[in-house]
Amino acid sequence: MSDRPEDIAGVSDVDCTGLQALVTGSTSGIGRAAALALGRLGADVVVHGRDPDAGAAVVEELSRSGVDATFVEADFADFDAVRSLATAVRAETDGLDLLVNNAGGLFRNGAVTDAGIEYTFHVNHLSPYLLTADLLDHLREGARIVTTASAAHKGASLDLERVRGADRHSGFRAYSHSKLANVLFAAELARRLDATGREVTSNSIHPGAIPGSGFSRFLPGPLPGLFQRLEALPGVTSVADGAAEILFVGVSPRTAEISGRYFTNQQPTTPSEVARDRDAARRLWTESARLLGIEEPLAEPEGQPRPASDATAAGDS
C-alpha cells in the first residue's frame, strides 16, 4: 500500500498544474505532507510556518518537483503577522485556488495573547478567520477552502465569553472549543459564499488522531511518549492519512461541488449538534469580527431573517 497522501486520497491522477495553494502550518506534520503532495501533483505552493529553516527545507523539496514554492513566516498568535502573511500571499500569487487553514495546536498552559484572547482560540480560530477574510477577494472562482478541525469538537459547547481570558482554561477543553469554532466557521463561510454567489467552497475535516503529526508534544505527563509509540501499531491514522483528507477535500473532482460539510475518512459526516446550529455559527461569525476589530466579512443584508437552529446544517444529506 502506498504511503503517499495523493494515492490514499485517490487523486494521484489529478493534474494541479497552474493551481496556486496556500497551506498554513506546512513545515511539519500533515500540513507539510499535504504541501509536498500538492507539489508532486503540479501545484505551486506557499508554505507557512514559524521555523524558517523548516520552511526552507519544504520549499527546497517542492522545488525539486519543478513547481514554484515560497515560504512565509508568521506567528498565528500575532494578528499583524497574519495580515502580513495575507499581503505576502497576494504578492507571491495572482490568485488562490486552494486555501488550507491547517495551522494550530493544542496548548497545555492557560495563556492569553497580546490581544487579550485565550491563546488556543486566538491561534486555532481567530487567525484563520482573519487570514480568510483578508484573502477572500484574492480567491479565484472555483477555489476551495479547507479548514482542519477535529472530532474533538464533539462535547464542546460554544462559549464566547471564555475566550476573553484564560480563566477556567484547560488545554484539551480549549482545544475542543476551538475545533468546534473551526467546524462552525467553515459551515457559515460556505453559506455566506453561496449567498453572495461566489463559486468558492468551504469545508472542514477531521484528519484523525495522528501520532506522527507533532500533536503529541502538547499532551500532559507521559502521554507524548505513549502516543508516539502508537505510530507503530497497524490501523492507527498516519500523517499521510491526515494529509490525504486535506487533498481529498481540496483537489478531488468528487468534492468539487460540495460545500459546508465536515469530512471524516474521506466522507461527509455529521458533526455534533451544536456544530450544526446556524444561530451559533452566526454568533461566532459576528463576534469573531468584533474581536478582530474588522468589518464583518460577507456581511448579510440588514433585515434578512435569521433562521432558527437548523439540525441538518452541515449534516448528512
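Only a single item in (1) touching a helix residue (DSSP H, G or I) at 6+ places or on another chain (Cβ under 7 Å); (2) outside any loop (DSSP other than H, G, I, E, B); (3) of a type outside the set (K, R) is not met by D3, and it is number (2). For the residues E118, E60, the requirement of being touching a Lys or Arg at 6+ places or on another chain (Cβ under 7 Å) and more than 16 Å from T132 (Cβ to Cβ) singles out E118. Counting only residues that are over 15 Å from V251 (Cα atoms) and either surrounded by fewer than 24 Cβ atoms within 10 Å (Cβ to Cβ) or in contact (Cβ under 8 Å) with a residue 40 or more places away in the chain (or both), the stretch 33-55 holds 9 of them.
Please count how many residues of the stretch 137-157 are surrounded by fewer than 20 Cβ atoms within 10 Å (Cβ to Cβ) and either touching a residue at least 40 places away in the same chain (Cβ under 8 Å) or not acidic (D, E) (or both). Final tally of qualifying residues: 9. Restricted to the stretch 238-266, and to residues there that are more than 17 Å from the chain's Cα centre (by Cα) and not hydroxyl-bearing (S, T, Y), the residue that is farthest from L139 (Cα to Cα) is R254. Considering the stretch 1-18, and only residues there that are surrounded by fewer than 22 Cβ atoms within 10 Å (Cβ to Cβ) and among the aliphatic types (A, V, I, L, M), the residue that is nearest to A240 (Cα to Cα) turns out to be M1.
Identify, from the list L126, L136, L131, L189, the residue that is more than 26 Å from F248 (Cβ to Cβ), at pLDDT 95 or above and among the hydrophobic types (A, V, I, L, M, F, W, C).
L126
Just one of the numbered conditions (1) assigned to a helix (DSSP H, G or I); (2) surrounded by fewer than 24 Cβ atoms within 10 Å (Cβ to Cβ) is not true of H125: (2).
On inspection, E231 passes the criterion of being of a type in the set (D, E), at pLDDT below 90 and in a helix (DSSP H, G or I). Which residues, counting only those in the stretch 94-104, are assigned to a loop (DSSP other than H, G, I, E, B) and either buried (at least 20 other Cβ atoms within 10 Å of the Cβ) or touching a Gly at 6+ places or on another chain (Cβ under 7 Å) (or both)? Across the stretch 94-104, the qualifying residues are N102, A103, G104. Just checking, does the stretch 286-293 include any residue being touching a Gly at 6+ places or on another chain (Cβ under 6 Å) and at pLDDT 65 or above? Within the stretch 286-293, none of the residues are touching a Gly at 6+ places or on another chain (Cβ under 6 Å) and at pLDDT 65 or above.
Does A86 qualify as being within 19 Å of the chain's Cα centre (by Cα) and closer than 23 Å to T269 by Cα?
Numbers: within 19 Å of the chain's Cα centre (by Cα): yes; closer than 23 Å to T269 by Cα: no.
For A86, the condition - within 19 Å of the chain's Cα centre (by Cα) and closer than 23 Å to T269 by Cα - is not met.
Criterion first (surrounded by fewer than 20 Cβ atoms within 10 Å (Cβ to Cβ), part of a loop (DSSP other than H, G, I, E, B), without any contact (Cβ under 8 Å) to a residue 40 or more places away in the chain and among the acidic types (D, E)) does D80 satisfy it? No; evaluated as a whole, the condition is false for this residue.
The values are calculated or read from the model by the stated rules, or taken from the named source; none is laboratory data. These numbers come from a predicted model, not from an experiment. All Cβ positions, glycine included, derive from the backbone under ideal geometry; neighbour counts span all protein chains shown.
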